[in-house]
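K.L.:
If you scroll down you'll find the structure; I have some questions about it.
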Amino acid sequence: MAFLVFFLAVGSPLLAWLNLVSISMYGAAYLLLTRRRNLPAIILIWTEVTAHAAIGTMLVGWDSGFHYYLLMFIPATVVSGGWRNVIAPLLFLFLAYLGLHVAAHFVGALAPLNDTALLLLNVFNVSIFFAMASYTARFYYELVRKTERKLRELATKDALTGLSNRRHLLDLAQQEIARARRSDEEVSLVLADIDDFKLINDGHGHDAGDQVLVHASQLFRGICRAQDTVARWGGEEFLFLLPATGQDAVREFAERVRMTIADARFEHAGQSIRFSLSLGVATLAESESLDDAIGRADGALYRSKTEGRDRVTTALHPAHEKPTSWQGDMEASPV
């Protein structure tokens, strides 16, 4: 539209009408893109740009700078697919650019402008090309950053719940354990499993089971501190990593998790679904490996299951192989 005003002002109505046609073609391409008809839109844009560059260059001359717009297709073309798909468009652009250069120098300007108008037009075209090139580079930069973030999420997050996945938590745990031992702090683990999860799937459908996992994950996030990490450990199992947390504190935390889930109400397809957790708790002993601590938490979880579910069982220090179970009132009762 700025070109339309410019060419009317410098006395070149043919180019002014050409820009009016260009505006219409870009409007049509935009409508096609909003309707997901990408191929016709791309063909329309290619037709407009190449024709506009050719006609503008032949009418006003090479010094007008219309040929720069052909170069704008290069980055978009290169990233659009494999080399087999981009060689033909790039070759077309190369030949069109060289052909236009030769034709402009041999034929000359068919409707030349005065020197001042030609200089203004060149500056105008260079400015637009600079702005478009900068925007295009920024667009692809943001696209790469977005893709990198997505890949990191896929590598570290569970797709269903959005919690950390097993591998990511193991990496974090190794780092946290090393840091805690340098600072002489304790690290604790809580392994939680949804009770009778198969009955939820069988009675309400697998979609309901998935939503139960999502609902439980949201509740877990609300309970955890900023420094805590909870991961989907596998199936309906979850593992909590709790830095700077000793045995008494982790037992209270696990009980709070159990009670939050027990008191929660979840609605699916007009039906109320209630479920419970069995939990196993372990605090890493000095020089104990992460795998051994997880194994102790898993053994405590197994005791919670066999002793009636919906309870917390703490795996004591490796020197004391007698776990203790709690349910509801937090009173210790030897199993």
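The values are calculated or read from the model by the stated rules, or taken from the named source; none is laboratory data. Bear in mind that the values here come from a model prediction, so they are computed numbers and not experimental data. Don't worry about glycine lacking a Cβ; one is built from the backbone with ideal geometry, like all the others, and counts go over all protein chains shown. When the accessible area is computed, the model is the full protein with side chains, heavy atoms only, and any ligands, DNA or RNA have been set aside. Shrake-Rupley method; radii C 1.70, N 1.55, O 1.52, S 1.80 Å.
K.L.:
Of all residues being open to solvent by 50 Å² or more (accessible area, probe 1.4 Å) and in a helix (DSSP H, G or I) in the range 173-197, which is farthest from residue 261 (Cα to Cα)? Just the residue, please.
P.N.:
That would be 182.
K.L.:
A further question follows. May I ask you to verify whether residue 161 is part of a helix (DSSP H, G or I) and either touching a strand residue (DSSP E or B) at 6+ places or on another chain (Cβ under 6 Å) or of a type outside the set (Phe, Trp, Tyr) (or both)?
P.N.:
Taking the combined requirement at face value, the residue does not satisfy it.
K.L.:
Please go through (1) surrounded by 13 or more Cβ atoms within 10 Å (Cβ to Cβ); (2) part of a helix (DSSP H, G or I); (3) more than 31 Å from the chain's Cα centre (by Cα); (4) touching a residue at least 60 places away in the same chain (Cβ under 8 Å) for residue 133 and return the number of the only condition it doesn't satisfy.
P.N.:
(3)
K.L.:
Within 27 Å of residue 122 (Cβ to Cβ), without any contact (Cβ under 8 Å) to a residue 60 or more places away in the chain and in contact with a His (Cβ under 7 Å, 6 or more places away or on another chain) - does that describe any residue in the range 83-91?
P.N.:
No, the range 83-91 contains no residue that is within 27 Å of residue 122 (Cβ to Cβ), without any contact (Cβ under 8 Å) to a residue 60 or more places away in the chain and in contact with a His (Cβ under 7 Å, 6 or more places away or on another chain).
K.L.:
Pick out the one residue from 208, 226, 262, 249 that is surrounded by fewer than 16 Cβ atoms within 10 Å (Cβ to Cβ), more than 28 Å from residue 185 (Cβ to Cβ) and either of a type in the set (A, V, I, L, M) or touching a helix residue (DSSP H, G or I) at 6+ places or on another chain (Cβ under 7 Å) (or both).
P.N.:
Of 208, 226, 262, 249, the one residue that is surrounded by fewer than 16 Cβ atoms within 10 Å (Cβ to Cβ), more than 28 Å from residue 185 (Cβ to Cβ) and either of a type in the set (A, V, I, L, M) or touching a helix residue (DSSP H, G or I) at 6+ places or on another chain (Cβ under 7 Å) (or both) is 262.
K.L.:
Before we move on, is residue 14 open to solvent by less than 40 Å² (accessible area, probe 1.4 Å), in contact (Cβ under 8 Å) with a residue 24 or more places away in the chain, touching a helix residue (DSSP H, G or I) at 6+ places or on another chain (Cβ under 7 Å) and not aromatic (Phe, Trp, Tyr)? Step through it out loud before you land on a result.
P.N.:
On the way: open to solvent by less than 40 Å² (accessible area, probe 1.4 Å): no; in contact (Cβ under 8 Å) with a residue 24 or more places away in the chain: yes; touching a helix residue (DSSP H, G or I) at 6+ places or on another chain (Cβ under 7 Å): yes; not aromatic (Phe, Trp, Tyr): yes.
Against the criterion (open to solvent by less than 40 Å² (accessible area, probe 1.4 Å), in contact (Cβ under 8 Å) with a residue 24 or more places away in the chain, touching a helix residue (DSSP H, G or I) at 6+ places or on another chain (Cβ under 7 Å) and not aromatic (Phe, Trp, Tyr)), residue 14 does not qualify.
K.L.:
While we're here: Return yes or no: is residue 102 hydrophobic (A, V, I, L, M, F, W, C), touching a residue at least 12 places away in the same chain (Cβ under 8 Å) and surrounded by fewer than 13 Cβ atoms within 10 Å (Cβ to Cβ)?
P.N.:
no
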